[in-house]
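S.K.: Shown below is the structure under consideration.
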Amino acid sequence: MGYAGVQVSPVQENVIIPARPWWERYQPISYKFISRSGSEEEFKDMVRRCNAAGVRIYVDALLNHMAADHPFPVIGMGNSTAHPEKRDYPAVPYTPVDFHPSCEILNYQDAYQVRNCELVGLHDLNQTHEHVRNQIVEFLNHAIDAGVAGFRIDAAKHMWPEDLKVIYSRLHDLPTSHGFKPNSRPYVYQEVIDMGGEGVTKYEYNSFGAVTEFKYGIELTRAMTGNNPLKWYRNIGEEWELLPRDSALVFIDNHDNQRGHGGAGSVLTHKQPKEYKMALAFMLAHPYGNAKVMSSFAFNHTDQGPPADANGNTISPQFNDDYSCNNGWVCEHRWIEVYNMIRFRNTVNGTEISEWWDNSNNQIAFSRGNAGFIAINADTIDLKQKIHTQLATGSYCDVISGNLVDGRCTGKTVQVDDQGFAFIKITVNDKDRVVAIHKNAKL
Ligand code: QV4
Ligand code: CA
């Protein structure tokens with residue numbers, strides 16, 4: 001479907017917590033590659049197969065801390081043991097000198113505290129120490145050598161930019177044996193939640209890597225829930241105090257805020273599919289940032305882990321004829337409205353927004369050069385309007401409602417007349433409040 005890559009859950013050996021919450025994966029006790037998702041061999045095999053299929057793998061890397069205290073004995077997925085209370089993680093190895101003295105992060109105005117104290121009791125590594133840097137670099141290079149294309153840097157806000165710069169500078173180039181061009185560098189995107197008003201800002205990190213732009217999903221959520229007219233969103237980006245577009249990693253929800261963790265505000269998720277798909281469609285149609293789509297497992301409570309077998313190992317989804325999935329998984333990325341907007345995004349790549357139209361409220365439409373056109377009705381009234389596009393004359397398949405199969409559209413079709421006008425109809429009762437057409441889905 002044109003997805004460029006997948007961010008996978010942390011690969012580091014984590015502590016086993018009896019109820020098996022999803023977040024045990026964020027408490028490492030060693031840098032061995034073993035988790036409820038599989039062994040190192042299985043991981044490497046997956047990366048090899050994904051690279052061969054043109055899908056890159058990005059690893060969620062935990063460099064800020066090691067596991068918090070837990071009742072003795074503390075055992076990891078690979079049978080390593082640790083004694084967190086004594087700051088003893090022999091499988092790395094780390095000893096007390098590798099950690100900052102214990103203190104709790106209470107004041108987010110104080111950058112020193114945010115970086116040198118403990119985030120929810122997770123023992124805080126001192127990345128200024130050469131031994132710690134070496135262990136981290138070795139771990140990251142091990143992943144790069146296995147064919148990984150880059151990293152999400154967990155809790156980057158809680159580490160000093162100077163230390164991270166040193167660590168990144170020591171990373172290997174991506175291996176040509178996995179199809180990367182010579183001298184390719186890993187793509188690094190750093191988790192810095194900056195909603196404004198704190199001691200640490202996203203601008204301390206974006207000169208040497210990409211940064212997660214948490215305000216983006218919040219703003220799109222406001223639009224699709226009727227709290228800010230969509231007509232304003234043409235220039236969403238730097239003028240909105242978001243990061244410059246080249247360093248912004250954008251998304252609607254992530255694994256934390258889709259379940260109320262992390263404190264980064266409330267956002268749309270798969271649990272409100274109609275509005276959520278509208279937000280995703282806008283994100284994928286608009287050129288700002290590098291876009292990431294969340295793909296989830298279903299959950300009823302916020303600590304619940306992924307679908308698992310009797311031993312607690314993660315089980316695979318099963319797939320339906322329309323590409324969607326089940327077996328406890330949601331697979332948002334397999335919904336037609338989402339995967340077809342990935343194809344749209346790839347088709348319009350390199351073009352800018354043109355022919356912006358709005359109804360002075362919550363109905364908008366725009367073209368992306370002569371490659372694509374989208375209309376969204378987030379209003380309380382129907383949209384029935386002749387709108388000018390930049391597309392060539394002809395019949396197009398609306399990729400939100402259908403696919404082009406054997407020259408026929410399984411959904412709605414949209415005519416672009418010889419003047420470039422298209423009649424767009426999106427009523428408030430339509431299943432999807434979006435119409436999208438592009439030159440690769442022309443009848
Ligand atoms: C508990 C108490 C603490 C106490 C501690 C003592 O709450 O007050 O000090 O015990 O041992 C889990 C529990 C948490 C528990 C902690 C330690 O929820 O109650 O502390 O473990 O055992 C994920 C989850 C957390 C989880 C953590 C570790 O979201 O709930 O904590 O994993 O398993 C800020 C940061 C941002 C961060 C976000 C959550 O700026 O960087 O908070 N986001 C990232 C990840 C996130 C992950 C972590 C960081 C930590 O996206 O998923 O936290 O790796 O906004
Ligand atoms: Ca820290």
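Here, each number is a calculation from the coordinates, and none is a lab measurement. As the structure is a computational prediction, the values presented were derived from the model and not from experiment. Virtual Cβ from ideal backbone geometry, glycine too; neighbours counted across all protein chains shown.
S.K.: In a Gaussian network model over the chain where Cα atoms closer than 10 Å are linked, find which of Gln272, Gln12, Gln190 has the largest mean-square fluctuation.
M.R.: Gln272
S.K.: Oh, and also: Among 311-317, 113-119, what's the highest-first ranking by average C-beta atoms within 10 angstrom per residue? Walk me through the numbers before you get to the answer.
M.R.: Details: 311-317: 13.1, 113-119: 19.1.
For the peptides 311-317, 113-119, the packing ranking is 113-119, 311-317.
S.K.: State log₁₀ I(q)/I(0) for the stretch 5-348 at q = 0.10, 0.13 Å⁻¹ as given by the Debye formula over alpha-carbon point scatterers of equal weight, solvent excluded.
M.R.: -0.61, -1.09
S.K.: For the ranges 228-237, 365-374, what's the packing order if you count other beta-carbon atoms within 10 Å of each residue, average per peptide, and put the highest first? Write down the numbers at each step before the final one.
M.R.: Details: 228-237: 17.8, 365-374: 23.4.
So the peptides 228-237, 365-374, ranked by packing, come out 365-374, 228-237.
S.K.: Compute the helix-to-body angle for 130-145: its Cα long axis versus the longest principal axis of the chain, expressed 0 to 90° and rounded to tens.
M.R.: 40 degrees
S.K.: With label points built 7 Å along Cα→Cβ from the Cα atoms of Asn311 and Asn235, find their separation and express it in nm.
M.R.: 5.8 nm
S.K.: Among Ile193, Ile376, which comes first, then next, by fewest other beta-carbon atoms within 10 Å?
M.R.: Ile193, Ile376
S.K.: A follow-up question, please. No partner Cβ under 4.7 angstrom, meaning no disulfide-compatible partner by this rule: which Cys of the chain qualify?
M.R.: Cysteines lacking a close Cβ partner in the chain: Cys50.
S.K.: Moving to a separate point now. Read phi for every residue in the stretch 177-185 and hand back ³J(HN,Hα) as whole Hz from Karplus 6.51 cos²θ - 1.76 cosθ + 1.60, θ = phi - 60°, with x for Gly and Pro.
M.R.: Running phi through 6.51 cos²θ - 1.76 cosθ + 1.60 with θ = phi - 60° gives 5, 9, x, 7, 5, x, 6, 6, 9 Hz.
S.K.: Still on this structure, please answer the following. In whole Hz and in residue order, list the ³J(HN,Hα) couplings for the stretch 283-297 that follow from phi through the Karplus curve 6.51 cos²θ - 1.76 cosθ + 1.60, θ = phi - 60°; x for Gly and Pro.
M.R.: Coupling constants for the stretch 283-297: 4, 6, 8, 8, x, 5, x, 9, 9, 10, 9, 6, 10, 10, 9 Hz.
S.K.: I'd like the antiparallel share, as a percent to the nearest 5, of DSSP beta bridges with both residues in the chain. Walk me through the numbers before you get to the answer.
M.R.: Working: 44 of 63 bridges.
Beta bridges within the chain, antiparallel portion: roughly 70 percent.
S.K.: Provide the net charge surrounding Arg185, with neighbours chosen by a C-beta distance below 14 Å and charges set as Lys +1, Arg +1, Asp -1, Glu -1.
M.R.: Working: positive: Arg56, Lys165, Arg170, Lys181; negative: Asp173.
Net local charge, Arg185 excluded: +3.
S.K.: Compute and list, largest first, the equivalent-ellipsoid semi-axes of the stretch 1-100 from the alpha carbon gyration tensor, each √(5λ) rounded to a whole angstrom.
M.R.: 29, 13, 12
S.K.: If you don't mind, there's one more thing I want to ask. Going by average Cβ neighbours within 10 Å, how do the peptides 63-73, 282-292 rank, with the highest at the top? Could the numbers behind the result be given before it?
M.R.: Working: 63-73: 17.6, 282-292: 20.7.
Sorting 63-73, 282-292 by mean packing, highest first, produces 282-292, 63-73.
S.K.: Then there's this: Assuming R0 = 35 Å, can you tell me the calculated FRET efficiency for the pair Thr95 and Trp23, based on Cβ-Cβ distance, to the nearest 0.05?
M.R.: The formula returns an efficiency of 0.85 here.
S.K.: Could you please rank Asp382, Asp154, placing first whichever residue has the fewest other Cβ atoms within 10 Å of its Cβ? Can you show the working numbers first?
M.R.: Values: Asp382 14, Asp154 20.
The most exposed by this proxy come first: Asp382, Asp154.
S.K.: Between Ile75 and Thr128, what length in nm is gained on full extension when 0.36 nm per residue of separation is reduced by their alpha carbon distance? Write out the running numbers ahead of the final one.
M.R.: Values: separation 53, 0.36 × 53 = 19.08 nm, distance 2.77 nm.
That pair, Ile75 and Thr128, stretches by 16.3 nm at full extension.
S.K.: Where does the charge balance sit around Cys397 when Lys and Arg score +1, Asp and Glu -1, over other residues with C-beta under 9 Å from its C-beta? Don't jump to the answer; show the numbers that get you there.
M.R.: Numbers: positive: Arg408, Lys412, Lys442; negative: Asp398.
Combined, the nearby Lys, Arg, Asp and Glu give +2.
S.K.: Moving on. Rounded, prolate or oblate: which fits the stretch 358-441, taking a ≥ b ≥ c as square roots of the Cα gyration tensor eigenvalues, rounded meaning a/c under 1.5, else prolate when a/b beats b/c?
M.R.: oblate
S.K.: Turning to a different aspect of this structure: For the chain, what is the calculated [θ] at 222 nm in deg cm²/dmol (nearest 500), taking -39500 (n - 2.57) for each run of four or more DSSP H residues and dividing by its residue count?
M.R.: Calculated at 222 nm, the ellipticity per residue is -5500 deg cm²/dmol.
S.K.: Sticking with this structure for a sec: Given R₀ = 22 Å, what would the calculated FRET efficiency be for His388 paired with Asn440, taking r from the Cβ atoms and rounding to 0.05?
M.R.: The value I calculate is 0.55.
S.K.: Another question about this same structure. What's the extension gain from Lys271 to Ser102 if we count 0.36 nm per residue and subtract their Cα-Cα distance?
M.R.: Working it through step by step, the gained length comes to 57.0 nm.
S.K.: Excluding Thr128 itself, what net charge comes from residues whose Cβ is under 14 Å from its Cβ, given Lys and Arg +1 and Asp and Glu -1?
M.R.: My count for the surroundings of Thr128 gives -2.
S.K.: Which residues' amide hydrogens lie under 5 Å from the amide hydrogen of Val188, considering only partners 5 or more residues apart or on another chain, with H built in the peptide plane?
M.R.: Under 5 Å from the amide H of Val188: Phe151, Ala210.
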